[in-house]
2 protein chains.
Amino acid sequence: MFFELTANDQYSGARTGVISTGRGIIKTPVFIPVGTAGSVKGISRYELEHNIGAEIILANTYHLYLRPGLDIISQAGGLHKFTGWEKPMLTDSGGYQVFSLAENRKLSEEGALFRSHIDGSKHKFTPENIVDTQRIIGADIIMAFDECTPWPCEYKYAMDSVELTHRWLERGWKRFVETEAVYGREQFLFPIVQGSVYGDLRKKSAEFISSFAAAGNAIGGLSVGEPSEKMYEMVGVVNKILPESKPRYLMGVGTPANILECISMGVDMFDCVMPTRNGRNGTLFTSEGIINIKNLKWKNDFSPIDPGGTSNTGAQYSRAYLRHLIVSGEMLGSVIASIHNLEFYIWLLKKAREEITLGNFHAWKNSVIPRLSNKI
Amino acid sequence: MFFELTANDQYSGARTGVISTGRGIIKTPVFIPVGTAGSVKGISRYELEHNIGAEIILANTYHLYLRPGLDIISQAGGLHKFTGWEKPMLTDSGGYQVFSLAENRKLSEEGALFRSHIDGSKHKFTPENIVDTQRIIGADIIMAFDECTPWPCEYKYAMDSVELTHRWLERGWKRFVETEAVYGREQFLFPIVQGSVYGDLRKKSAEFISSFAAAGNAIGGLSVGEPSEKMYEMVGVVNKILPESKPRYLMGVGTPANILECISMGVDMFDCVMPTRNGRNGTLFTSEGIINIKNLKWKNDFSPIDPGGTSNTGAQYSRAYLRHLIVSGEMLGSVIASIHNLEFYIWLLKKAREEITLGNFHAWKNSVIPRLSNKI
């Protein structure tokens, strides 16, 4: 069984579960560190597995397709062999990057024509070749090709787009069931709900997506600039429809508060660049609130990064030392901040699972969100 | 006893020894990783101590004086407490940085006036305040303030400069013996031989330097652009004079071949940014020779970075994967390459110590230098 529910919170939609793949299990709700181009920025796989405790990482199809390219990944025997990461992995469909990074993008019924942001070379993504590409990369969980609409987005555009995403899903699903994993490990394709911030489109999309015999379902096109309340509203609409028995993956979300709110609405999986990207810029998530370590007030604060004990790394370095490293542009500052933030996110999700199991999630969430969101 | 000789090679000047400080021992010949501004770039202290096996690291007085500044380091209780590194540490005098990095440098009998390369602020280094500064930083081995002459350098300039460095040494030494360690751990001041590429100046300088009751002696002003043969010639001149019973530290050197040649002339300590700086740019030192990992030929070479087993990190990652990371500008590429290169240097010096102990150093050195210097 791909997904097994293990506990439900009686005061909210929160639940715990276990996802089983050929490369190991994933306890949900789970946070998935982002390893864009085959590496979580600055962090070794040993650190990820043993110190941070990640059970799954994400890689970006768009980036890997462009560099190192499918030829190299294929010769290596897949991305797991290429990078040495042996635990579960998820790849996105490239849809988000095509619409946010690529140049000269041209959309058609067939797919997306675009130019590489690296060297300007021309490429085409289609629902079919994106399945093929993810077969070659070899992640355990793979995504259907979708159009990720921007925010704000006109209703008419969003409606046409979600319909295109649905037609693409039918084509991608067909390719998925007609092909097999290249490296002998079963892969699971998740379709993606779109529909921008329009409840009726989201509802229609969730209904359509639910009709596929997929192992899990994803929610895309959120956390692209809309207010958090809009995002929560859309997740609420969608999660009423997406089947209880399958994991729900909210793509690209978000802050600690976003994650806890969405867990309470029944989301099981999250990924976000925030802990690593914001960490590199000196923003630290702690049990006491959010720190901008560049702030002068930390210059002689010799207490640990997070006295709340949310991370091993955060206990080993003082705020003053980390501030010095970040202000001086020292690479180690980015590394320490990224590791701490990932440890914090992994700690937060573990804590959420524990609170759900104890039947105390709802109260705990409401008590910690104000503190976690506080800028100190 | 600060330094104890443990073996001498009968066919060369190579020797092994042990330096003892309050924070631990250092087996010589030793390579000292450079931790410029309180961090070896991109590498945690855990990695340095446990995986790389560094017994001592270097920090730069100039950089630390400017940022985070003496106030913060003093409040932290010294650089060891600030960074968490508990093993021996060495600080340079700032002389090299004042003459290579600082702006609007003005030299006088009193010392050096300069502007910070970071914010243009005005500062003054004198032989006395450089001792005081290194007392506050608290490294176990500290350096006298010197003028590091550039290459090429006119004879007259080099002669005047070496005499100034000697007068500065007398003043610095006076301050050193009149003051005490701030944090209760004994500090050892090394004077620095200068004299550019002029044998008679180097000889005079080595004789002058040797007249001080210092725990060890340093050789500066080499590896600044002169041919290796010139450097070896100067080290040969100097090492005939610097006492056998004290460690000899050749500052800022060098390639694996440079290090082995200078060990054979009786040098005991080395530091260099090469393994980390070149690593960040994709140059890897291996038992088979020097690799430019950006070269297209490595794109599908899935063998380990160094099949010769010189490093743990080098055994864990393939050349193709490291190439991908470096070419993609991924921070992890710089981290892996830096760690591998430092492991390689530490391995090389350990191997040198073993060969000296076995009485086989001279033959071994001559057999490995061509291979280690080979660009593959």
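The values are calculated or read from the model by the stated rules, or taken from the named source; none is laboratory data. Values in this document were obtained by computation on a predicted structure and should not be read as measured data. A quick note on method: Cβ atoms are made from the backbone with ideal geometry, for glycine too, and the neighbour counts reach across all protein chains shown.
Test B:Glu207 against the criterion of being assigned to a loop (DSSP other than H, G, I, E, B) and surrounded by fewer than 24 Cβ atoms within 10 Å (Cβ to Cβ), and give yes or no. It is false that B:Glu207 is assigned to a loop (DSSP other than H, G, I, E, B) and surrounded by fewer than 24 Cβ atoms within 10 Å (Cβ to Cβ).
Taken together, the criteria exclude A:Glu226 from residues that are at pLDDT 95 or above, acidic (Asp, Glu) and assigned to a helix (DSSP H, G or I).
Evaluated against (1) among the hydroxyl-bearing types (Ser, Thr, Tyr); (2) out of contact with any Phe, Trp or Tyr (no Cβ under 7 Å at 6 or more places or on another chain); (3) in contact (Cβ under 8 Å) with a residue 24 or more places away in the chain, B:Ser303 falls short on exactly one condition, (3). Are any of the residues in the range A:129-139 in contact (Cβ under 8 Å) with a residue 12 or more places away in the chain, crowded, with 20+ Cβ neighbours inside 10 Å and more than 18 Å from A:Glu178 (Cα to Cα)? Checking the range A:129-139: not a single residue is in contact (Cβ under 8 Å) with a residue 12 or more places away in the chain, crowded, with 20+ Cβ neighbours inside 10 Å and more than 18 Å from A:Glu178 (Cα to Cα). One residue alone among B:Ser100, B:Ser93, B:Ser108 is among the polar types (S, T, N, Q) and under 17 Å from B:Asp140 (Cβ atoms), and that residue is B:Ser93.
Being hydrophobic (A, V, I, L, M, F, W, C) and within 14 Å of chain B (Cβ to nearest Cβ) holds for only one residue in A:Ala337, A:Ala363, A:Ala352, and it is A:Ala337. The helices (runs of 4 or more DSSP H) located wholly in the range A:29-138 that include 2 or more residues which are within 14 Å of chain B (Cβ to nearest Cβ) occupy A:61-66, A:70-76, A:79-83.
If you go through the range B:3-12 and keep only what is in contact with a Ser or Thr (Cβ under 6 Å, 6 or more places away or on another chain) and either within 14 Å of another protein chain (Cβ to nearest Cβ) or not polar (S, T, N, Q) (or both), you end up with just B:Ala7. Scan the range B:285-313 for residues that are more than 10 Å from every other protein chain (Cβ to nearest Cβ) and among the aromatic types (Phe, Trp, Tyr) and the total you get is 2.
Scanning the range A:272-285 for residues that are buried (at least 24 other Cβ atoms within 10 Å of the Cβ) and assigned to a strand (DSSP E or B) gives A:Leu284, A:Phe285. Within the range A:152-181, residues that are among the basic types (Lys, Arg) have Cβ atoms under 6 Å from residues that are crowded, with 21+ Cβ neighbours inside 10 Å in these pairs: A:Arg171/A:Pro127; A:Arg175/A:Val131, counting only partners at least 6 apart in sequence or on another chain.
The rows are residues; the columns are (1) buried (at least 16 other Cβ atoms within 10 Å of the Cβ); (2) farther than 18 Å from A:Val238 by Cβ; (3) within 22 Å of the chain's Cα centre (by Cα).
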position: A:Thr149; (1), (2), (3): yes, no, yes
position: A:Asp160; (1), (2), (3): no, yes, no
position: A:His166; (1), (2), (3): yes, no, yes
position: A:Gly172; (1), (2), (3): yes, yes, yes
position: A:Glu178; (1), (2), (3): no, yes, no
position: A:Gly184; (1), (2), (3): no, yes, no
position: A:Phe190; (1), (2), (3): yes, no, yes
position: A:Gln194; (1), (2), (3): yes, no, yes
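State whether one or more residues within the range B:92-100 are surrounded by fewer than 16 Cβ atoms within 10 Å (Cβ to Cβ) and either within 17 Å of the chain's Cα centre (by Cα) or under 20 Å from B:Ile130 (Cβ atoms) (or both). Yes: the range B:92-100 contains one or more residues that are surrounded by fewer than 16 Cβ atoms within 10 Å (Cβ to Cβ) and either within 17 Å of the chain's Cα centre (by Cα) or under 20 Å from B:Ile130 (Cβ atoms) (or both).
You will find that of A:Asp306, A:Asp301, the residue that is surrounded by fewer than 20 Cβ atoms within 10 Å (Cβ to Cβ), of a type in the set (D, E, K, R) and assigned to a loop (DSSP other than H, G, I, E, B) is A:Asp301 and no other. Can you name the residue in the range B:257-271 that is out of contact with any Lys or Arg (no Cβ under 8 Å at 6 or more places or on another chain) and part of a strand (DSSP E or B) and, of all such residues, is nearest to the other protein chains (Cβ to nearest Cβ)? Per the stated criteria, the residue is B:Asp271. Scanning the range A:314-329 for residues that are within 9 Å of chain B (Cβ to nearest Cβ) and within 19 Å of B:His80 (Cβ to Cβ) yields A:Gln316, A:Tyr317, A:Ser318, A:Ala320, A:Tyr321, A:Arg323, A:His324, A:Leu325, A:Ser328.
If I filter the range B:14-24 for residues that are without any contact (Cβ under 8 Å) to a residue 24 or more places away in the chain, surrounded by fewer than 21 Cβ atoms within 10 Å (Cβ to Cβ), within 20 Å of the chain's Cα centre (by Cα) and in a strand (DSSP E or B), do I get at least one hit? So far as the range B:14-24 goes, yes, one or more of its residues are without any contact (Cβ under 8 Å) to a residue 24 or more places away in the chain, surrounded by fewer than 21 Cβ atoms within 10 Å (Cβ to Cβ), within 20 Å of the chain's Cα centre (by Cα) and in a strand (DSSP E or B).
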